[in-house]
Amino acid sequence: MTTSTPIPLALSPHLLEVAHALLAARQAGSAPADAVQLADRVGSADDAYAIQDWLLRTLDGAAALPRHWKSGGPSRDAPLTHAPLPAGGILTRPADARTLPLRQHRIEAEIALRLGREVDAAQAALLTPESAAALIDGMAVSIELVDSRWAPAAAATALAKLADLANHGALVLGEWQAYAPRDWLGQLCTVHIGENAPVRFTGTHSLGDPAWLLPGWLRHLTRHGARVPPGTVVTTGSWCGLLSAAPGDRVRADFEGIGQASVLL
């Protein structure tokens with residue numbers, strides 16, 4: 001087995017039309033994808049993930065397993081969802097998103113985790129949230145810029161949003177720190193947006209612990225036989241819900257005892 005992902009079956013014509021519309025909508029100045037006409041064509045999670053795979057291979061031009069991902073869910077009782085992140089939208093210090101073709105300016109403050117060793121499907125199948133944490137060697141504060149290629153965005157189904165790389169716009173990564181378990185229920189996160197007063201959140205991660213999703217995420221990545229290489233990164237869901245910003249705002253997320261990340265919109 002290798003870190004490459006198997007070549008997927010060709011998309012059916014009705015899914016390929018969705019994929020092309022989402023791809024075109026990622027280009028500056030282009031029209032968004034028509035949610036009324038196309039969103040309902042994504043009929044299953046398998047459809048959505050197939051479109052994701054097509055988009056990533058087209059955007060990044062490689063068959064290797066993507067090195068950056070997002071994963072999460074609203075609670076431990078709900079299914080997790082996952083999405084690969086295009087390399088062109090991974091931003092590090094000093095992060096400047098002003099040239100990105102964002103239609104919306106919404107943000108989520110998150111913790112990103114970095115895999116410290118290779119994982120294959122057999123290993124992933126045996127993981128528990130407790131054992132999976134031992135695979136992580138780093139954590140960093142991250143800010144996800146959330147965007148939609150659908151219009152009207154409200155007409156996009158949950159599966160259509162998943163196909164659109166789970167509404168991903170870009171990912172800002174702060175400095176990496178050694179990973180260690182923390183009192184996540186007591187973790188303070190402070191978000192600064194432009195000149196607005198900072199807003200604070202304590203213990204508000206939907207899963208209670210960012211590392212809880214690691215087994216499900218790694219099983220998703222290895223489901224077709226790929227090996228996940230060390231250095232692969234996953235951002236793990238919002239601590240602040242979905243906040244609105246505006247072009248020209250500087251956004252900063254501070255996680256007490258971990259670090260910060262910032263970006264100019």
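The values are calculated or read from the model by the stated rules, or taken from the named source; none is laboratory data. Because the structure is predicted, anything quoted here is derived from the model rather than measured. Because the Cβ atoms are built from the backbone with ideal geometry, glycine has one as well, and the counts that use them run over all protein chains shown. Please note that ligands, DNA and RNA were not included when accessible areas were found on the heavy atoms of the full protein model with its side chains. Shrake-Rupley method; radii C 1.70, N 1.55, O 1.52, S 1.80 Å.
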* Kindly check whether there is at least one residue in the stretch 56-76 that is modelled with pLDDT under 95 and loosely packed, with under 13 Cβ neighbours inside 10 Å. => yes
* To do: Kindly establish whether W212 is surrounded by 20 or more Cβ atoms within 10 Å (Cβ to Cβ) and in a loop (DSSP other than H, G, I, E, B).
  => no
* Asked: Among the residues of the stretch 188-202, is there at least one that is in contact (Cβ under 8 Å) with a residue 60 or more places away in the chain and part of a loop (DSSP other than H, G, I, E, B)?
  -> no
* Asked: Mind checking which residues of the stretch 180-194 are at pLDDT below 95 and either touching a Cys at 6+ places or on another chain (Cβ under 6 Å) or of a type in the set (G, A, S) (or both)?
  -> A180
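Of all the residues that make up the stretch 221-240, how many are closer than 15 Å to P129 by Cβ and outside any strand (DSSP E or B)?
Start the filter on the stretch 221-240 by keeping residues that are closer than 15 Å to P129 by Cβ, which leaves 234, 236-237.
Keeping just the survivors that are outside any strand (DSSP E or B) gives 236-237.
Counting residues in the stretch 221-240 that are closer than 15 Å to P129 by Cβ and outside any strand (DSSP E or B) gives 2.
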* **Breaking point among (1) buried (at least 18 other Cβ atoms within 10 Å of the Cβ); (2) assigned to a helix (DSSP H, G or I), for H20** => (1)
* Of these, L159, L173, which one is within 20 Å of G216 (Cα to Cα), buried (at least 16 other Cβ atoms within 10 Å of the Cβ) and touching a residue at least 60 places away in the same chain (Cβ under 8 Å)? -> L159
* Check whether at least one residue in the stretch 38-51 is among the charged types (D, E, K, R), exposed (fewer than 13 other Cβ atoms within 10 Å of the Cβ) and in a helix (DSSP H, G or I), and report yes or no. => yes
* Consider only pairs whose beta carbons are under 7 Å apart and that are at least six residues apart or on different chains; among these, list those whose first residue lies in the stretch 54-80 and is charged (D, E, K, R) and whose second residue is open to solvent by 60 Å² or more (accessible area, probe 1.4 Å). => D60/A87; R76/W212
* Pair list, Cβ under 7 Å, 6 or more apart: the stretch 99-118 residue under 18 Å from T236 (Cβ atoms) and of a type in the set (A, V, I, L, M, F, W, C), other residue open to solvent by 50 Å² or more (accessible area, probe 1.4 Å) and assigned to a loop (DSSP other than H, G, I, E, B) -> L115/P230
* Residue among T222, T232, T190, T236 that alone is open to solvent by less than 10 Å² (accessible area, probe 1.4 Å), over 13 Å from L145 (Cβ atoms) and touching a Pro at 6+ places or on another chain (Cβ under 6 Å) -> T236
* Structure fact -> Restricting the stretch 122-138 to residues that are aliphatic (A, V, I, L, M) and open to solvent by less than 10 Å² (accessible area, probe 1.4 Å), the one farthest from V251 (Cα to Cα) turns out to be A124
* Give the residues of the stretch 240-265 that are in contact with a Pro (Cβ under 9 Å, 6 or more places away or on another chain) and open to solvent by less than 20 Å² (accessible area, probe 1.4 Å), sorted by residue number. => V263, L265
